[in-house]
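Quick note: the coordinates plus some simple rules give every number you see, no bench work behind them. Keep in mind it's a predicted model, so treat the numbers as computed, not measured. When we count neighbours, we look across all protein chains shown, and the Cβ atoms used for this are built from the backbone with ideal geometry, even at glycine.
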Number of protein chains: 2
Amino acid sequence: MPQSPATQHRLDPARETAILDAIRELLAEVGYDRMSIDEVARRARASKATIYRRWSGKPDMVAAALHGLMIDHPPLPDTGSLRGDLIAAMTGFCRVYERKQPIVLSLLAAIRADPSLGRLLHEHVLSTGVTETAAVLDRAVARGELAASADATTLVEVGKALLWHRLLLSGEPLDQPWVIHVVDDVLRPLLGVADR
Amino acid sequence: MPQSPATQHRLDPARETAILDAIRELLAEVGYDRMSIDEVARRARASKATIYRRWSGKPDMVAAALHGLMIDHPPLPDTGSLRGDLIAAMTGFCRVYERKQPIVLSLLAAIRADPSLGRLLHEHVLSTGVTETAAVLDRAVARGELAASADATTLVEVGKALLWHRLLLSGEPLDQPWVIHVVDDVLRPLLGVADR
């Protein structure tokens, strides 16, 4: 069970899960601004007093809900080649972020009004995956596919930016031909691995 | 004056500008869903009949408003080097997209409900700049800085994705250190120009 930095009182795990599920549902359905604690309490069959004993307010509740979402971040498999690993990683990220899209979309407008939400989104959604990607690159160095360990942070920055741009703005599908385009035309050239 | 594909009746240019300005204001203030033709008419001091003679409906009006926004797309200057050109181009894009951010944000939720808006956003905002960037790359080839003409489409895709990701999601500033990071750590390595 994830720890919120502002943990005040522990709840029964099933109760806490029900509340976090209600928050995620409401974020996706009505957005951050129109999400009310009353409605969270109603859906989770919890009292408002219970909710306020556990979280200090909406930003804190949303942070916990986002943190919980990160649990389903996929492990990055060892496919035996850098190209295979990158395709598997990008495909895994696509599936996770497709699921997060309604919540992220609902937070975008709220972030402008409350910058603390932007920091939470950054911490729980945007800046994840660097450790896992660094392991992918280390494996490629060990195999002799990469000359030296490359910059996993920039690689993740570029991969996620392309993913979110396609998901939120262009609206085109996160399908396999697109994943292969990103790996072969962007990520591998960035790593200096240009041959197919 | 931009031509809308669904042009039905021409308006007096000053009147048309007032209506498009009202559309852009309302998109940024209340969003696509809550933008009413009544309010557009009130702000532009035009009749609804006038508006409906010119545009078939909200998607068509928004397309014209987005098209008008593209007029301020910056020319990409010849600074004498590929690195200088890329920094100037990325800086110019940053200034333009900072101004578009409220409108794009207001359209994001509407795009899910009306895919035709996504196509309009793509046509008028996302897929622009490739011709200008191809000219930047052609100049670099002519100077002997690039071995062969590189793929301007992928370069624009990556640059814009990083820009929108930072502008909409991470909320960090589109400042000069970040522009230089993008040019030196992403765009030039993608072009195979790795030395500083």
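Tabulated data for the structure shown
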read-out: Sequence-distant residues sharing a close amide H with residue B:129 (under 5 Å, placed H); value: none
read-out: Net +/- balance of residues flanking residue B:158 in space, Cβ distance below 11 Å, scoring K and R +1, D and E -1; value: -3
read-out: For residues of B:169-176, the mean tally of beta carbons on other chains within 10 Å; value: 5
read-out: Listed residue pairs exceeding 32 Å between alpha carbons, taken from B:48/B:100; A:100/B:58; B:48/B:160; value: B:48/B:160
read-out: Karplus (6.51, -1.76, 1.60) ³J(HN,Hα), θ = phi - 60°, over the stretch A:38-53, in Hz, Gly and Pro reported as x; value: 4, 6, 4, 4, 4, 5, 8, 6, 10, 8, 4, 4, 4, 5, 6, 6
read-out: Charge context of residue A:135, other residues only, Cβ under 10 angstrom, K/R +1, D/E -1; value: -3
read-out: Mean-position separation - Cα centroids, the stretch A:116-184 and the stretch B:111-147, in angstrom; value: 22 Å
read-out: Whole-Hz ³J(HN,Hα) from phi, Karplus 6.51 cos²θ - 1.76 cosθ + 1.60, for the stretch A:120-126, glycine and proline x; value: 5, 4, 4, 5, 9, 10, 7
read-out: Inter-probe distance in nm under a simple model that places probes 7 Å from Cα toward Cβ, at residue A:43 and residue B:38; value: 3.1 nm
read-out: DSSP-loop trypsin sites (Lys or Arg not before Pro) across the stretch B:108-159, with at most 11 other Cβ within 10 angstrom; value: none
read-out: Fraction of alpha-carbon pairs over 25 Å apart in chain B - percent; value: 43 percent
read-out: Helix-only mean residue ellipticity at 222 nm for chain B, each DSSP H run of n ≥ 4 adding -39500 (n - 2.57), per residue, nearest 500; value: -19000 deg cm²/dmol
read-out: Per-pair calculated FRET efficiency, R0 = 45 Å: residue A:15 and residue B:21 via Cβ, rounded to 0.05; value: 0.30
read-out: Quotient of C-alpha Rg and 2.2 N^0.38 Å, computed over the stretch A:13-69; value: 0.96
read-out: Residues residue B:99 and residue B:135, FRET efficiency given R0 of 35 Å [Cβ-Cβ distance, rounded to 0.05]; value: 0.90
read-out: Diffusion constant of the protein assembly as shown at 4 °C, which comes from Stokes-Einstein with the Kirkwood Cα-pair radius and 1.567 mPa s, µm²/s; value: 56 µm²/s
